1. Answer yes or no: is there a residue in the range 198-210 that is hydrophobic (A, V, I, L, M, F, W, C), touching a helix residue (DSSP H, G or I) at 6+ places or on another chain (Cβ under 7 Å) and under 30 Å from Ala115 (Cα atoms).
2. Testing Glu220 on (1) among the charged types (D, E, K, R); (2) crowded, with 16+ Cβ neighbours inside 10 Å; (3) under 25 Å from Gly141 (Cα atoms), one condition comes back false. Which one is that?
3. Can Thr53 be described as modelled with pLDDT of 95 or more and within 16 Å of the ligand (Cβ to nearest atom)?
4. Can you tell me which of (1) free of Cβ contacts under 8 Å to residues at least 12 places away in the same chain; (2) under 25 Å from Val4 (Cβ atoms) is the one Gly275 doesn't meet?
5. On the given criteria, is His109 within 16 Å of the ligand (Cβ to nearest atom), crowded, with 16+ Cβ neighbours inside 10 Å, under 15 Å from Val192 (Cα atoms) and free of Cβ contacts under 8 Å to residues at least 60 places away in the same chain?
6. If you go through the range 231-256, how many residues are part of a helix (DSSP H, G or I) and surrounded by fewer than 22 Cβ atoms within 10 Å (Cβ to Cβ)?
7. Working only within the range 221-245, note down all residues that are under 17 Å from Ala19 (Cα atoms) and away from the ligand (no atom under 12 Å from the Cβ).
Amino acid sequence: MVDVLLGLQWGDEGKGKIADFLTPKYDVVARFQGGPNAGHSLEINGKKHVLNTIPSGIFHENCVNLIGNGVVMDPILLKAEIEKTIAAGADVRERLLISKKAHLILPTHRLLDAASEAYKGDSKIGSTLRGISPTYQDKTGRSGIRIGDADSPNFDKLYKDVIEKHKGILRYYNFDFEAKLAELEEEWFAAVEYLRGFKQVNSEFYLHHQITQGKKILAEGAQGSLLDLDFGSYPFVTSSNTISGGACVGLGLAPKHINKVTGIFKAYCTRVGSGPFPTELENDMGQFLRDKGHEYGATTGRPRRTGWLDLPALKYAIMLSGVDELIMMKADVLSGLDSIDVATGYEGCSDDELCPFNIQGTVVTPKYESFAGWQEDISVMREYQALPETFKTYIDFMEQDAGVPISIISVGPDREQTILRK
Ligand code: IMP
């Protein structure tokens, strides 16, 4: 049985905390897409841990953590992340499995990402510069290299062939790469060798076996639905499918095995990088959300753009993934406000045109509904009944409009600060 957990906005919804919170119910946590562009923050016993490529169940003793075929891995960054996670007390050697089919981010992929962004100038995507797009381009272009290829006698040749191609592109971009590449290459090969010391598996068979044994699997998404390659705010998206369907291809799962889809959203919206953000607040309120919500990238440290909750966009994400239940994050950040706005539609858009992200350059004006705020500090509350009435009104409205129940409300970064609704 497989449940899927994914973000419904532009990423950074708090998937790390919730995946870690839910992990005790699962035998396996499997990442199905993305790479070290993600930064999943977990807070355990007051200590913060940031995971980029390793799935969020790694701190739990009886949980297997799988990096799926749909993930792209940077050996250098993954080695450093593994070492850091071992130092923090997790038995990574025992608990981590890596799909042999997961593609490798090569040193030139990082450089190509930087070169492409620099070339685009003002119209840059604002990528995380981790080489994500060039790696997926090589995957679909059928010239990528997978971690399982490290065992091949042709590995060096495969590497050299693709690097030569990349050098040509870097020269076209007029990008100065020789010194940086020489510096990264040695480290990269050493890191690939290091990763060979971890369990590499044909993960589609592993997962199938787990399913037939009756084990419970949590498919963990990265980024968010509005960054989905096909359905997000294209071209300002990431390069993988972040919606629930991505779990099937990113892990080799048949759709019939998907049981429940849980979607995570923040009580407001954030976005990093460029692209449309209809409810963005470029004012004091936006700064309030950024400061109180610590909205600075876990991976890149970049300040996040902030804005009010966008219900049409949320409903679009719910529709795309068939979300069964919702988890609301960072509700505590809204405490202390006199009123809270929520976008319930866009001017000039019909109800069945939920999200106008399909036309490049379209500017839309949201229509807002205002809700009374609350002054109480809800981060100390642990029971739904104890929450302020105005907050409950806000929750009821959202549930009704979205047509999906909110099963968990997170009121702070710690595992304890999580309210389960009956
Ligand atoms: P890339 O995935 O590095 O190519 O970046 C493409 C877009 O997705 C940029 O706007 C990034 O800021 C955004 N992005 C990628 N990963 C994340 C994430 O984990 N959280 C939030 N935004 C992300």
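The values are calculated or read from the model by the stated rules, or taken from the named source; none is laboratory data. Since the model is a prediction, treat every value here as computed from it, not as a measurement. Backbone-built Cβ (ideal geometry, glycine too); neighbour counts: all protein chains shown.
1. No.
2. Failed condition: (3).
3. Taking the combined requirement at face value, the residue satisfies it.
4. Going through the list (1) free of Cβ contacts under 8 Å to residues at least 12 places away in the same chain; (2) under 25 Å from Val4 (Cβ atoms), Gly275 breaks only (1).
5. No: the conditions fail for His109.
6. 5
7. Ile243, Ser244
Conditions (1) hydrophobic (A, V, I, L, M, F, W, C); (2) without any contact (Cβ under 8 Å) to a residue 24 or more places away in the chain; (3) under 30 Å from Gly245 (Cα atoms); (4) assigned to a loop (DSSP other than H, G, I, E, B), marked per residue:
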residue: Glu83; (1), (2), (3), (4): no, yes, no, no
residue: Ile98; (1), (2), (3), (4): yes, no, yes, no
residue: Lys139; (1), (2), (3), (4): no, no, yes, no
residue: Leu158; (1), (2), (3), (4): yes, yes, no, no
